[in-house]
Amino acid sequence: MALVNAGVVVLDCAEPEKLAVFYKELLDAEETDATANRVEIRGADGFRLALRRDVNATPPSWPRPENSLQAHLEFVVDDLDAAERRVVGLGGRPMETNHAPGPLEERGYADPAGHSFVLRRRVPPTAPKQG
């Protein structure tokens, strides 16, 4: 018998209701639970995310090197450009990152409350390593 039945990623923010709108649209998710201080959503793939009210919440300052990034969300997409347009249209913003030149396989963003997340392009499977 499993000790833990399910996991939920929880983000602290000043206005969980507003941030839930962003993530519901981005993830095509539905609200599964709401209280005065917390909103939980679930995406079509079962991903669970909760937004918890913390009136003193401050966004992380990543990617500044003096503050380490302790956690971020990562979403896999087929089309980075289309996903970026959607994120920006919903109120997210691109983050400056130090990617090497060339085609980017992932891009960093901040949600409307300042939490960082990455959109990563789905990469076709390659042959397994030999030797």
Legend entry - Projected label distance in nm at VAL118 and ASP45, using a 7 Å step from Cα toward the beta-carbon: 1.5 nm
Legend entry - Computed log₁₀ I(q)/I(0) - Debye formula, equal Cα scatterers, no solvent, segment 2-62, q 0.15, 0.27 Å⁻¹: -0.45, -1.12
Legend entry - Net charge of Cβ neighbours under 15 Å - reference THR35; Lys, Arg +1; Asp, Glu -1: -4
Inset, instruction - Quote to one decimal, in nm, the extra length available between ASP78 and ALA34 on full extension: 0.36 nm per residue of separation minus the C-alpha distance between them. - result: 12.7 nm
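Read-outs throughout are calculated quantities, based only on the coordinates presented, and are distinct from any laboratory measurement. Computed from a prediction, not measured in an experiment: that's the story for all the values here. Counting neighbours? That spans all protein chains shown, and the Cβs are built from the backbone with ideal geometry, glycine included.
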